[in-house]
Amino acid sequence: MEIIKEEDFKKQLDRAVGRAFLFFGEEDYLKIAAVKALREQLCPDESMAFFNDITIDYTDYTPDKLLDTMAAPPMMTEAKLIVLRGFDFTATRAAETAEALVEVLSHLQEYDYNCVIIYVAAEMLDTGYLPKRPSAMLKRLGEAATPVQFNAPTDARLARWVGKHFAYYGVTATPPVCGELISYAGRTMFVLANEIQKLAAWVKENGRSEVTAQDIRHVSVPASLPDAFALSNAILAGDGKAALAALAVMKFERVEPNIILGEISSLLFDMQAARVLFAAGKNIKEVAGVLGKHEFKVGKIAAALSHTTPQRLARVIERCAEADFALKNAVSGSRDYAPIEKLICSL
């Protein structure tokens, strides 16, 4: 069984059709980037995405559904992308799931216009002792799908990536400053991407184009969790698709549900307090002073409030309380995201 690296997979994008790949390893951000690159290669026409770019979550997966999806021909193009996500190959009965999956993928040659990606989040697969002693599960899945390992990047590579992302947002940062951000905010690429966006906005808002170490200390959050603001903002806006996507990132990061809900609740109460203060005629600087928050964050809160109503905000807070009650009464030790998903889908 050959295990290829992320960089090797990128070289095979034009030869991905008719094959299945197993994405595994530590860095989920890079997996998502690889799926995006493959999607752009195989399904460039957004109008046909419903037919040719298909994601099946484990909660909706059955072997028959996957086989039916593979059998359906692509529409107005030559290839179709199927992404399977949410599989936990460390769970009870995972061996049975893997056997059924391998059986379905054995028919891929009959439907060779597909490319199938099995997206496994970090720590959801026992890989054994690589490269010499892969686990039995990895070897079995490797019989049907080429394993692609996504390792956490080295410090040097991560620093280069940070620099390129700053450039994408129209600002610059020297290599030492990029290293400073990694040291301060952590090595998680999801978190770094969020911090880079915040820093770029802050620097440009202050009429500059270069990020400094002082900016990092002023704006960024040390060793931060994935940002709950995107999730709360999407919930307030009633954008279920964006909210579920933000939650998916946090699930991939394996953030505990009670921590996610705590972050959301804290932010929503900040929004409620800010709403009252804005209604009383205070500006962003004054609200920031009262709440003890940075003006940048209060500015984002103000933007979120402009897209919702007091009634919706109150309703969301009420639903959060219900979700909190459900989590506190869940089975001890379980990682149950269902109350948060219910919160999203009920609005």
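The values are calculated or read from the model by the stated rules, or taken from the named source; none is laboratory data. Since the model is a prediction, treat every value here as computed from it, not as a measurement. Positions of Cβ are backbone-derived with ideal geometry, glycine not excepted, and every protein chain shown enters the neighbour counts. Surface areas here come from the heavy atoms of the whole protein model, side chains and all, with no ligands, DNA or RNA. Shrake-Rupley method; radii C 1.70, N 1.55, O 1.52, S 1.80 Å.
Taken about its Cα centre, the stretch 122-269 carries a charge dipole of about 500 debye when Lys and Arg each add +1 at the Cβ and Asp and Glu each add -1 at the Cβ. Any chance you could give the angle, 0 to 90 degrees and rounded to 10, that helix 175-185 forms with the longest Cα principal axis of the chain? The answer is roughly 90 degrees. Simple point charges give the picture: +1 on the Cβ of Lys and Arg, -1 on the Cβ of Asp and Glu, and for the stretch 1-123 a dipole about the Cα centre of about 180 debye. For the stretch 80-99 and the stretch 129-187, what is the separation of their Cα centres, given in Å? If you average the Cα positions of each part, the centres end up 23 Å apart. Within a straight-line Cα-Cα reach of under 18 Å, LYS5 can be paired with the following aspartates and glutamates, leaving aside sequence neighbours fewer than 8 residues apart in one chain: ASP14, GLU26, GLU27, ASP28, GLU123, ASP126, GLU143, ASP155. Considering every alpha-carbon pair of the chain, the percent of pairs per 10 Å bin, from zero through the bin containing the longest distance, is 5, 21, 28, 26, 15, 4, 0.
The residues of the stretch 1-126 expose, per residue, 52 Å² of accessible area to a 1.4 Å probe. Return the tail of the calculated pair distribution for the stretch 241-316, meaning the percent of Cα-Cα pairs more than 15 Å apart. In whole percent, the long-distance tail amounts to 60. Our summary gives the chain a relative contact order of 16 percent, counting only alpha carbon pairs under 8 angstrom and 6 or more residues apart. For the chain, give the percent of accessible area contributed by carbon and sulfur heavy atoms, probe 1.4 Å, rounded to a whole number. Heavy-atom surface of the chain belonging to carbon and sulfur, 1.4 Å probe: 53 percent. Taking the longest Cα principal axis of the chain as reference, the axis of helix 240-252 is set at about 70 degrees.
In plain terms, if you count all Cα to Cα distances in the stretch 75-198 and split them into 5 Å steps from zero, the share in each step is 2, 9, 16, 15, 11, 12, 13, 12, 8, 3, 0 percent. Based on every Cα atom in the stretch 1-108, Rg and the maximum pairwise Cα distance Dmax equal 14.2, 41 Å. Taking every DSSP beta bridge that has both ends in the chain, the antiparallel portion is near 10%. For the stretch 127-201, the direction-averaged projected area of the alpha-carbon convex hull comes to 6.5 nm².
Summing charges over neighbours of SER265, with a neighbour being any other residue whose Cβ is under 13 Å away from its Cβ, gives -3 when K and R count +1 and D and E count -1. The count of lysine pairs in the stretch 256-342 with alpha-carbon distances below 23 Å, taking only pairs 8 or more places apart or on different chains, stands at 7.
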